[in-house]
Amino acid sequence: MRFYKLIILFNLYFLLGLQTDRVFAQSNTLSKKIEQPSFEDLVDLSINGDIEKSGFPDDLMAFALALDSLEFEKLIVETKEKINPKNYNNLISFYNLIATEKAIENGASKLNEVLKILNEMVQIAHESQDELLIGKCYWYFGNSMIEMQRYDYASTYLLTGIRIIEKIRPELLKSSEYLLLGGTLFDTRIYEESILYSKKGLEKPIPKNSARANFYNTIGQAFERLNQLDSAKYYYKRCDEFCDLHDERAWKYINKQNIGELEFKENKISEAKQTFTSVYENCKEDVKEIAAKSLIWLAKISLLENQVETAIDFLNEAEYLLKNFENKRLQTEYFLEDAYLTKLDVYKNLKNLDSSFYYFEKYNSLHDSLEYLASLADQSVVQSRIDNTEKTYSLGLLQIQKKEAEQRRNVIIFCLILFSGVGFTYFSWQRKRLMYQNKIAVLEKNAKETEVRIVKNQLKSFTKQLLEKAKLLEALESELDDKYQTDLRQEYLEQLNHSRILTDEDWSEFKSMFEKVYPGFFSRVKENFPTITPAEQRIASLIRLQFSAKEMADILGVSVDSVHKTRQRLRQRMELSSEVNLEEFLLDF
């Protein structure tokens, strides 16, 4: 509590300082005269103080930190009331202050409250028509979302803020800001952008050696996720050499973990095992998150060597380290997801169905939430652009209306003596209005095209998840057939069927994404073939996505024979002759 109040008070003094010369004298006087600090003194210094010049009066700071939550909230309310509503910089600073305070104190539990404050801040920034302030505002928004561990929002607003500032004052951007953006984009799986902005950060002055190592490693990991392994090796090597040169021990072993994973992918199992063991030994005390990751990979190697009990020991220790890691991040959740999946493989290998089901459920739950978060990141970038366009458009219309009123007034007052001038002004205004509307139309078109592209990626990711889930279920079901022939088998099968794909909830999500990519498909099918069944609609949509019969069977949780029968019924329903190819018909439908 004391820490977050200190942050807020510092910002109240530093960010809201007004009329520097006059205030300097006031605050010096106050710091000398205050003997028994009061609430009114706090409000006055929050508005008029200049901490950069006068410093913190110790007694006033002690008084502020002793305030309870209600009194502290009252300080913020009274401060807001005294800020000039046209002083956009101070207003933005103030709203950022409140959002930061709520984010630090409450975390994700106050997300909606913080979003409301930040959206008001964005609106104020747009009203200022100051592009630099708008860019900073988006950056503040993204920072608050990192405090709340909402990386989907964070990547959206950090990226938007950087892009705006780059256009007008690129020299203001620091390497640390590119480092934060590159890492956040990586965490939300936007790898191309992560590489782009991390490379931009490398072009800036970098005061800390650890930051440069971080840049190299982030770029290497992003290339690895894109399966561009030669580029990944190049940046891992640069990071390794840099860490040796500057004695960056922690980053050396973080980077070695990634090198070990590449060795594993290239089937250099012996080298990978040595690398992971070295990483674990050097990270288990100081970088426990990476130590846990090395244990997961050692477990995978143990599983390949049929040392199942050793694999379980590695995974138990990894799970313990990750669950007790103090500074949990999105990366921690990805490591835990991998631990659950590896444990599922171990218990399948042991034919332990109870534990297999347990870790299947834990993996599936965490995997779905992480995939949802990754898809949100893409979605929110689009939504941010749409919201930005709408705000800009609304503001533009407001300006147009104000100019319209001014034009009418000017025509009445000056129509006789300035008729030609007014006419020219009106013509110029109409031209600007048309240019503005054309610009908005282009922005809206680009936003819609981007949204369709992103939803296509989401649809692809969603169906890929369904296929992965189907393979896991199929493997478990196969083991049931081998192991159980009793009522217990029936009970497990019912649990499996409950987890089957394209449940009503899955179907609704799938249908929503499908309709965005192929607008009107289902309505046209229903209109032309009114008697078509829901099962036939599902098959028609999967055919439109060009899935094989086996893939459709996996997604729907039915046999391949059932898929063929439904396809045949669909042909009959559509009254297609034998010469007509069903796939081509639906692709053109």
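The values are calculated or read from the model by the stated rules, or taken from the named source; none is laboratory data. Bear in mind that the values here come from a model prediction, so they are computed numbers and not experimental data. Side chains included, ligands, DNA and RNA excluded: accessible areas come from the protein's heavy atoms. Shrake-Rupley method; radii C 1.70, N 1.55, O 1.52, S 1.80 Å.
What whole-number value in Å² describes the accessible area per residue of the stretch 298-372 for a 1.4 Å probe?
On the way: 3530 Å² over 75 residues.
Spelled out: the 1.4 Å probe surface of the stretch 298-372, per residue, equals 47 Å².
Pairs spanning more than 19 Å between alpha-carbon atoms, out of Lys74/Lys102; Lys174/Lys199; Lys464/Lys550; Lys362/Lys511; Lys300/Lys348: Lys362/Lys511.
Excluding ligands, DNA and RNA, what is the solvent-accessible area per residue of the stretch 172-243 at a probe of 1.4 Å, expressed in Å²?
Details: 3180 Å² over 72 residues.
Heavy-atom accessible area per residue stands at 44 Å².
Would you mind checking the pairs Lys200/Lys323; Lys233/Lys273; Lys516/Lys565; Lys268/Lys293; Lys233/Lys343 and listing those with alpha carbons more than 23 angstrom apart? Before the final figure, lay out the partial values.
Values: Lys200/Lys323 35 Å; Lys233/Lys273 18 Å; Lys516/Lys565 29 Å; Lys268/Lys293 18 Å; Lys233/Lys343 29 Å.
As for pairs spanning more than 23 Å Cα to Cα, those are Lys200/Lys323; Lys516/Lys565; Lys233/Lys343.
Heavy-atom accessible area with a 1.4 Å probe sorts Trp251, Trp297, largest first, into Trp251, Trp297. Measuring nothing but protein heavy atoms, the accessible surface of the stretch 129-204 at 1.4 Å probe radius is 48 percent carbon and sulfur. For Arg567, the accessible area of its heavy atoms, probed at 1.4 Å with every protein chain present, is near 50 square angstrom.
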